[in-house]
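Down below is the structure, laid out as structure tokens.
The values are calculated or read from the model by the stated rules, or taken from the named source; none is laboratory data. None of these values were measured; they are calculated from a predicted model. For neighbour counting, all protein chains shown are included, and Cβ atoms are generated from backbone atoms with ideal geometry for every residue, glycine included. Keep in mind that these areas ignore ligands, DNA and RNA; they rest on the heavy atoms of the full protein, side chains included. Shrake-Rupley method; radii C 1.70, N 1.55, O 1.52, S 1.80 Å.
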Amino acid sequence: MKIKKTYSFAFWTSLILTFTSFVTFYLGSYIFLNIWLPFISALIFICVVYTFSFFIIQFRVEKFIYLRIKNIYENVSLLDASDLNKTAVSADLDMLSLEVQKFAENKQQQIQNLNLREGYRREFLGNISHELKTPLFTVQGYLLTLEDGAMNDKRIGKKYLKRANKGVDRLISIVKDLDLISKLESNDLNLNKQTFNIVELVQEVFDLLEIEAKKRNVTLLLDKHYEYPIKVIGDVERIEQVLTNLIVNSIKYGKINGATIVSLEIAENNKVLVKVKDNGEGIKEEHLDRLFERFYRVDQSRSRDQGGSGLGLSIVKHIIEAHNEQIFVKSKIERGSEFSFTLEKFKQV
Ligand SMILES: Nc1ncnc2c1ncn2[C@@H]1O[C@H](COP(=O)(O)OP(=O)(O)O)[C@@H](O)[C@H]1O
Ligand SMILES: [Mg+2]
């Protein structure tokens, strides 16, 4: 068995104490009393002094260390005094230093994480103000022009008001996205799960986006005719939002005169896989990892021209994850992209 550090400390200290007191006592009795102590009493003296000093030192050192360390644990409120294991600390200092080291590494990691998050937060704030500035300045521009006299011409006045209103719409949509994302990130969003027919929902979203698709002459299609309903379980409003975001992206970043094809596959483990596929510009591999981050865009200016807030995909991901489902992306540059997600299939009884 390995000799504990505190034992060896007590061992050597008692040895020194015994030796010095023995020498003092032995020589003292000779000098002052003029007697040589007999061998047997010298031996007893050594044994008694050694044993006592060993136990006193051992006990005192343990107590001393334990109390000091406990003090540290209690004073630094970050440490939890109940974490302190009495035997572990007093018996083996190696263990203690290991524990402290582990603790320090742990804290270091936490600090790093906090710094990272702080960085994200700063970046997030910067992104928000940047995002809001563009439409705000647009609106302000039109209002100023109106004020400067454009108002007098009824036709132009109306046109500018319309444009200003468009800017306001854009501001509202950004703020709505922000609101939603903050709810999603603080888990404030209660899912209202129900059973619904996903085929029907896709068709509804197609109808809603028809005008948007017409602008770029994109055809919205299901990959085949679905004769029977496919029932899934989820928050129908949120899933509609997911589909809308993905399909709007496929229109915006798809080819003019292109097509968006949605397919529904029954997968294993009682899941339904919903795929949204376009034949547009595609996304370079290096972007795929970060695509779902807030405000992440492959092409800043182009995306902003298209009226996106850069929050769409992170909202999509949050909603899917809140359902405990998964989202995937596959993409080839110049060929097109495919976003897919799983949903829980409704089990017929
Ligand atoms: N179907 C797609 N094809 C190509 N690029 C895409 C597609 N969907 C998303 N992207 C890229 O991912 C970025 C993030 O998308 P999103 O979060 O919806 O933000 P936004 O559409 O507001 O720009 C887009 O800016 C675009 O660069
Ligand atoms: Mg989008």
Exercise. Mind jotting down the distance between the C-alpha centroids of the range 240-282 and the range 7-55, whole Å?
Key: 91 Å
Quiz prompt | Distant-in-sequence amide H partners of L220 (H built 1.01 Å from N, under 5 Å) | solution = T260
Quiz item: Using the heavy atoms of the protein chains alone and a 1.4 angstrom probe, what is the accessible area of the chain per residue in square angstrom?
Solution: 66 Å²
Exercise. Grab the Cα-Cα distance for N187 and Y30, subtract it from 0.36 nm times how many residues apart they are, and report the gain in nm with one decimal.
Key: 47.9 nm
Exercise. Name the most mobile residue of D278, D177, D299, meaning the one with the largest mean-square fluctuation, in a Gaussian network model of the chain with Cα contacts below 10 Å.
Key: D299
Quiz item: Nearest 0.05, what FRET efficiency do K162 and K347 give at R0 = 45 Å with Cβ-Cβ as r?
Solution: 0.35
Practice problem: Using Cα centres only, tell me the gap between the range 145-181 and the range 307-349 in whole Å. | Solution: 32 Å
Practice problem: Along Cα→Cβ, 7 Å out, is where each label goes; now give me the distance between the ones at I266 and L136 in nm to one decimal. | Solution: 5.3 nm
Quiz prompt | ³J(HN,Hα), Karplus 6.51/-1.76/1.60, whole Hz, each residue of the range 55-60, x for Gly, Pro | solution = 5, 5, 5, 4, 5, 5
Practice problem: Could you please state how large a percent of the accessible area of the chain is carbon and sulfur, counting protein chains only and using a 1.4 Å probe? | Solution: 57 percent
Exercise. Would you look at the GNM of the chain, springs on alpha carbons closer than 10 Å, and say which of R155, R170, R68 moves the most?
Key: R68
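Can you tell me the length gained on complete extension of the stretch Q194 to R290, counting 0.36 nm per residue apart and subtracting the Cα distance? Could you put the intermediate results ahead of the total?
Working: separation 96, 0.36 × 96 = 34.56 nm, distance 3.14 nm.
Here the segment from Q194 to R290 would lengthen by 31.4 nm.
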Self-check item: Environment charge at E338 (Cβ cut-off 11 Å; Lys +1, Arg +1, Asp -1, Glu -1)
Solution: +4
Self-check item: Where only alpha carbons of the chain are counted, the Rg and the Dmax (Å)
Solution: 37.7, 130
Practice problem: Quick one: dipole size for the chain, taken about the Cα centre, charges +1 on Lys/Arg Cβ and -1 on Asp/Glu Cβ, in debye to the nearest 20. | Solution: 520 debye
Quiz item: Among F25, F124, F339, which one moves the most in a GNM of the chain with springs linking Cα atoms closer than 10 Å?
Solution: F25
Quiz item: In the structure shown, do any of K107/K133; K133/K193; K231/K332; K277/K345; K252/K275 have a Cα-Cα gap over 27 Å, and if so which?
Solution: K107/K133; K133/K193; K231/K332
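For F39 and N71 in the same chain, what is the full-extension length gain: residue separation times 0.36 nm, less their Cα-Cα distance, in nm? Don't skip to the answer; put the middle values down first.
Details: separation 32, 0.36 × 32 = 11.52 nm, distance 4.73 nm.
Here the segment from F39 to N71 would lengthen by 6.8 nm.
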